[in-house]
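The values are calculated or read from the model by the stated rules, or taken from the named source; none is laboratory data. Just so it is clear, the structure is predicted and the values come from calculations on it, not from any experiment. Virtual Cβ from ideal backbone geometry, glycine too; neighbours counted across all protein chains shown. These accessible areas exclude ligands, DNA and RNA; they are computed on the full protein's heavy atoms, side chains included. Shrake-Rupley method; radii C 1.70, N 1.55, O 1.52, S 1.80 Å.
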Amino acid sequence: RALVLNQDSSGKPIASIETIEKTQLPKDNVCVDVSYSSMNYKDGMAITGSGKIVRKWPMVPGIDFCGVVNESDDERYKIGDKVILTGWGVGESHWGGMAEQACVKGEWLVKLPDELQEKHAMAI
């Protein structure tokens, strides 16, 4: 499932929780089971329509996330690796972290340090 933003006829965002099939996710080389995402100022603007944050519709907001790799064609990441992502246009022009799964480019990810728990990474 994911928080999905669509537009109404006036261009305002409409947010809904939707079931997303893996085939609907972006076709990138690393897929992650999302553990946590945070609500950033930009996410609030995207969801409420307070600013022109979203560049492509429909959109899954969430400019950051952390989680566990479940599929990878990138030699830097293997199944089970804990990773974090922030930025890169995620939640603006590429589906973001307010979902159970996300598929992104491997170069956007960083391995989560062993000393840092996922929920703490999203709280920082």
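Looking only at segment 82-92, residues that are closer than 10 Å to Cys66 by Cβ and either open to solvent by 30 Å² or more (accessible area, probe 1.4 Å) or part of a loop (DSSP other than H, G, I, E, B) (or both) come to 3 in all. When segment 1-29 is examined, which residues are found to be within 28 Å of Asn70 (Cα to Cα), polar (S, T, N, Q) and without any contact (Cβ under 8 Å) to a residue 12 or more places away in the chain? Selection gives Thr23, Gln24.
From Ile79, Ile53, grab the single residue that is part of a loop (DSSP other than H, G, I, E, B), free of Cβ contacts under 8 Å to residues at least 40 places away in the same chain and buried (at least 21 other Cβ atoms within 10 Å of the Cβ). Every option except Ile53 fails the conditions. Only residues that are of a type outside the set (Lys, Arg) and either within 11 Å of Cys66 (Cβ to Cβ) or open to solvent by 30 Å² or more (accessible area, probe 1.4 Å) (or both): list them for segment 93-107, please. Ser93, Trp95, Gly97, Met98, Glu100, Gln101, Ala102, Glu107 - these are the residues of segment 93-107 that are of a type outside the set (Lys, Arg) and either within 11 Å of Cys66 (Cβ to Cβ) or open to solvent by 30 Å² or more (accessible area, probe 1.4 Å) (or both). Can you find a residue in segment 30-49 that is free of Cβ contacts under 8 Å to residues at least 40 places away in the same chain and of a type in the set (A, V, I, L, M, F, W, C)? Scanning segment 30-49, I find at least one residue that is free of Cβ contacts under 8 Å to residues at least 40 places away in the same chain and of a type in the set (A, V, I, L, M, F, W, C), so the answer is yes. From the list Pro26, Pro58, exactly one residue is open to solvent by 20 Å² or more (accessible area, probe 1.4 Å), out of contact with any Leu (no Cβ under 9 Å at 6 or more places or on another chain) and within 13 Å of Gly91 (Cα to Cα). Which is it? Answer to the selection: Pro26.
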